[in-house]
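See structure below.
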Amino acid sequence: MAAAREIKAREVVEPGDDDAVELAKRHLVQPWPYAGSVGAEARALIGEGEGIYITDASGKRLIDGPAGMWCINVGHRREELARVMYDQAMALSYNTPWYTMNAPSAELARRIADAAPGDLSHTFFTTGGSSAVETALRFMQFYNNVRGRPEKKLIISRGGAYHGSTYLSASLNGRPRDRHWMDGADELVIKLSSPDPFRRPKEMSIDAFTDFLVDQFRDTVARVGAGRIGAFVGEPVQASGGVVVPPDGYLKRIREICRENDILYVSDEVVTGFGRLGHVFASGEVFGLDPDMITFAKGVTSGYFPLGGVIISERLLEKLRRSNHPDALFGHGLTYTSHPIGCAVALKNLDLLEEGVLQHAREIAPYFQARLKTLEELPLVGEVRGAGLMACVECVADRESKDPLQLDKDVGKRIDAHCHELGLLVRPLINMCVMSPPLIISRVQIDDMVAILREGISRTMDDLRKEGVWRG
């Protein structure tokens, strides 16, 4: 039996296959492509991963700075997770969730309820973060329809937000470049200011900035009418917006306004959940929140299987059960809802997190933040910010204006290219570099990561000076 379970090398597509790049250019549509290269693009080919490292097609070993896409929380090549996938597939590979169920999904829902704050006790499983946010929003619409409030459907989001790529979830996104050429349900969404302290007016204190954000939210509710606003959706830390950590107390004050006006508070923990801030969920443990719903994905399986979900308050479900419309149908579901393999992997991943990875993440996070903060010594760096094991290095033309546009819109890509050559993969976001390594990273590996990033930024400064783009 053991021999039958061995993964055979010949069954794995090797990264060095000469055809891979050409095949991608001929047949593969990459995510987030530009029109000029759509369907004709090949990206960096990655072949293997182990621990915090990945290996590219040339054999170069790289620190996986973004942990894939915020998700490889327990690291690459964890045999425990691979075994669970095999064992569950051999036991039950799939069941239709329309009229059957499986045991792993029920057990995972229980364990998630145990870890969630407040009365969040029931989980609807999806295939990822976008579908999790979409599910939360559709549930809000259903909830208000059943309760006789069909006009209470508007959604408040914020600048800098990222909530997904499905039509409704993408409509919430607050990064301008995401929407320049894309349609969205703009009539349903109200976008407020990003809670980014770095971008506040120079003369404004942090306390005054917090008051401004809260007042803007309260005034919007009063102006639009609470009877028309169904939900507020917010990341505890805006991840793809540049790891924006909100001012202390801001989120709790927004939660209170939502509670006072019967607006559902949806905490989007697709990135911050399952260890990124040292806890299964950050909403309660880190920010003192008890949301009406929490969305999650990514770290729930450490990226080993596509899975996401939304946890829903018992109070909301009880109101539906007591409504005058017991036959009202929540007509929403996915072919892979509650997938048995995904849920089985998530259970084992949760074991690994709770058996030491979360504790390690909490202990090493201060060192991670402190070492990265030293990069503010470089004149190109405007700010290093972060929380837990997620951080952003934001580059600016000068620290007085904080202007990234005079610099070079691809400065993040320049830094990433140098770092790749030196042995580190980072996530470039225009003028920013985001770091969110696997949670198992050690102090020595953090030192290596910061040293490479420092050199990559320094080489980029030299390039910009030589090109006359930046004086420094």
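No lab work stands behind these numbers, since they all come straight from the coordinates. Predicted model only: the values in this text are computed from it and were never measured. Reconstructed Cβ throughout: ideal geometry from the backbone, glycine too, with neighbour counts over all protein chains shown.
Values for this structure:
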{"read-out": "More than 20 angstrom apart: percent of Cα pairs within the stretch 289-436", "value": "67"}
{"read-out": "Mean Cβ neighbour count within 10 Å, used as a protection proxy, ranking 413-421, 289-297, 251-259 highest first", "value": "289-297, 413-421, 251-259"}
{"read-out": "Shape of the stretch 53-161, Cα gyration tensor, a/c cut at 1.5", "value": "oblate"}
{"read-out": "Order of T100, T460, T210 under a 10 Å beta carbon neighbour criterion, fewest first", "value": "T100, T210, T460"}
{"read-out": "Neighbourhood net charge (9 Å Cβ-Cβ; Lys/Arg +1, Asp/Glu -1) for L352", "value": "-2"}
{"read-out": "Residue exposure sequence - D219, D262 - by fewest surrounding Cβ within 10 Å", "value": "D219, D262"}
{"read-out": "Overall dimensions of the stretch 82-352 by Cα: Rg and Dmax, Å", "value": "18.5, 63"}
{"read-out": "Quotient of C-alpha Rg and 2.2 N^0.38 Å, computed over the stretch 219-301", "value": "1.11"}
{"read-out": "Computed helical MRE - 222 nm, the chain, DSSP H runs ≥ 4 contributing -39500 (n - 2.57), nearest 500", "value": "-11500 deg cm²/dmol"}
{"read-out": "All aspartates and glutamates inside 17 Å of K402 as judged from Cα atoms, apart from same-chain residues fewer than 8 positions distant", "value": "D196, E203, E376, E377, E383, E394, D410"}
{"read-out": "Principal axes of the chain: Cα extent on each, largest first, Å", "value": "70, 69, 45"}
{"read-out": "Other-chain or far-sequence residues with amide H under 5 Å of L264's (modelled H)", "value": "A231, F232"}
{"read-out": "Local electrostatic count, Y167, Cβ distance below 10 Å [Lys/Arg +1, Asp/Glu -1]", "value": "-2"}
{"read-out": "Cut-off under 5 Å, modelled amide H: who pairs with G159 long-range", "value": "L192, S193, S194"}
{"read-out": "Karplus-derived 3J(HN,Hα), 6.51/-1.76/1.60, for each residue of the stretch 54-67, Hz, glycine and proline x", "value": "10, 10, 8, 5, 7, x, 6, 8, 10, 5, 7, x, x, 6"}
{"read-out": "Nearby lysines by direct alpha-carbon distance to K153 (threshold 16 angstrom, same-chain neighbours under 8 apart not counted)", "value": "K191"}
{"read-out": "With eigenvalues of the C-alpha gyration tensor scaled by 5 and rooted, the stretch 153-192, Å", "value": "14, 11, 9"}
{"read-out": "Virtual spin-label span in nm between W181 and V469, 7 Å along Cα→Cβ", "value": "2.1"}
{"read-out": "Peptides 107-119, 376-388, 81-93, 125-137 ordered by average Cβ neighbours within 10 Å, highest first", "value": "125-137, 376-388, 107-119, 81-93"}
{"read-out": "Loop sites in the stretch 168-218: chymotrypsin sites (Phe, Trp or Tyr not before Pro), DSSP, at most 15 other Cβ within 10 Å", "value": "W181"}
{"read-out": "Rounded to whole Å, sorted largest first: equivalent-ellipsoid semi-axes of the stretch 249-345, Cα gyration tensor", "value": "25, 23, 9"}
{"read-out": "Karplus-derived 3J(HN,Hα), 6.51/-1.76/1.60, for each residue of the stretch 177-190, Hz, glycine and proline x", "value": "5, 5, 10, 4, 10, 10, 7, x, 7, 5, 5, 9, 10, 10"}
{"read-out": "Amide hydrogen neighbours beyond the local backbone of G308, cut-off 5 Å, H modeled", "value": "T126, T127, G128"}
{"read-out": "Vicinal HN-Hα couplings computed from phi for the stretch 286-291 (Karplus, 6.51 cos²θ - 1.76 cosθ + 1.60; Hz; Gly/Pro x)", "value": "9, 10, x, 9, 10, x"}
